[in-house]
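Colleague: Handing you a structure now.
The values are calculated or read from the model by the stated rules, or taken from the named source; none is laboratory data. All figures in this text were calculated on a predicted structure; none of them were measured in a lab. Reconstructed Cβ throughout: ideal geometry from the backbone, glycine too, with neighbour counts over all protein chains shown.
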Amino acid sequence: MRILKYVLFCLLFLRIAWPTGTWNAQSAVIQCGDIVEGEFPPEHVFIEYGISLSPGDTITVSGATIGSTLQFSIMLFDPSERNALASSESNNAILAFASNRPSITSPVLSATGKYTIRLSNGNQDQSGGKYYFAGGGVYTIRVGCTLRDGQVIAPGQPVENTDSSGSNAELSPERFDGYGFPGLSPVGFQDAFVFPLQTGQSMQGQIPVSGQGVLVYTFTGEAGAVIDLSFARVAGNLNLGLVVLRGKNEVVFQTNMSRSSILQTRFDLPASDEYTIGVFRVDNAVGNISSLKATNFELTVMIYR
């Protein structure tokens with residue numbers, strides 16, 4: 001009888017810790033300070049992001065949905081991918097309850113390596129034994145970290161680069177002419193098509209399958225100004241990146257729209273300066289090129305002072 005009870009307990013534990021669902025191919029390596037948008041399909045799936053962290057670090061991941069018909073949960077796993085360190089809406093690291101605005105904060109981490117952020121649009125009942133579909137749609141996650149030395153990296157804040165001597169080095173056009181995402185080659189802006197930003201108007205553009213087209217919109221911003229940015233994919237299926245840069249490639253906002261069709265975000269400008277909004281293809285792998293289609297989009301920006 002004891003053996004039977006032990007087996008039943010193990011089966012229940014596996015059901016809770018590793019619930020059924022489709023593992024989505026959508027995955028990426030991200031870093032502290034990233035703001036990432038994605039989209040859940042109309043079925044229960046798991047979406048994972050990898051992030052490199054060190055002993056003494058802590059990480060906070062907060063999520064949000066567009067509308068109220070999608071709920072999702074967030075879990076954090078250690079480099080072994082077997083130990084859950086934190087989960088949303090629950091005091092138990094194994095149970096993760098979905099909501100429209102899930103969030104997690106990790107304990108102080110002990111190991112060096114790639115940690116896994118796992119999203120799920122399936123919800124558990126209060127017993128943790130049953131999963132049910134919690135909707136499909138667009139989500140955004142914001143990743144913030146506090147490093148062992150006390151440095152705080154807020155979502156949307158670029159990570160400082162260090163040279164071989166360990167000193168901070170500011171990026172300059174001579175050494176870096178564009179912006180890329182972790183794991184992808186930098187995208188050069190030197191040959192971009194440049195347009196002055198028309199605030200309050202819908203600006204239309206197209207990124208070709210070749211990935212050579214980079215569209216850039218420039219404007220002068222004042223410190224503390226509030227930016228409302230809306231981006232909509234009208235047609236096509238390319239993976240797009242959108243970045244807002246200040247001055248010499250200082251990142252104010254970034255996102256990778258690998259599957260999503262709509263982005264709506266708001267952020268403050270950190271200083272009075274010249275700003276650049278860049279739209280580009282982030283994955284230049286050829287793959288089945290016959291299935292790729294040029295992507296048309298609409299960009300609308302409102303500036304409030």
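Colleague: Quick one: would you say T220 is β-branched (V, I, T), at pLDDT 85 or above and over 18 Å from D34 (Cβ atoms)?
Modeller: yes
Colleague: Do we have any residue at all in region 118-131 that's surrounded by fewer than 21 Cβ atoms within 10 Å (Cβ to Cβ), at pLDDT 85 or above and either over 25 Å from F231 (Cα atoms) or in contact with an Asp or Glu (Cβ under 9 Å, 6 or more places away or on another chain) (or both)?
Modeller: yes
For (1) surrounded by 18 or more Cβ atoms within 10 Å (Cβ to Cβ); (2) part of a strand (DSSP E or B); (3) in contact with a helix residue (DSSP H, G or I) (Cβ under 7 Å, 6 or more places away or on another chain), each residue gets a yes or a no:
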| position | (1), (2), (3) |
| --- | --- |
| A223 | no, no, no |
| I227 | yes, yes, no |
| S230 | no, yes, no |
| V251 | yes, yes, no |
| T255 | yes, yes, no |
| T265 | yes, yes, no |
| I277 | yes, yes, no |
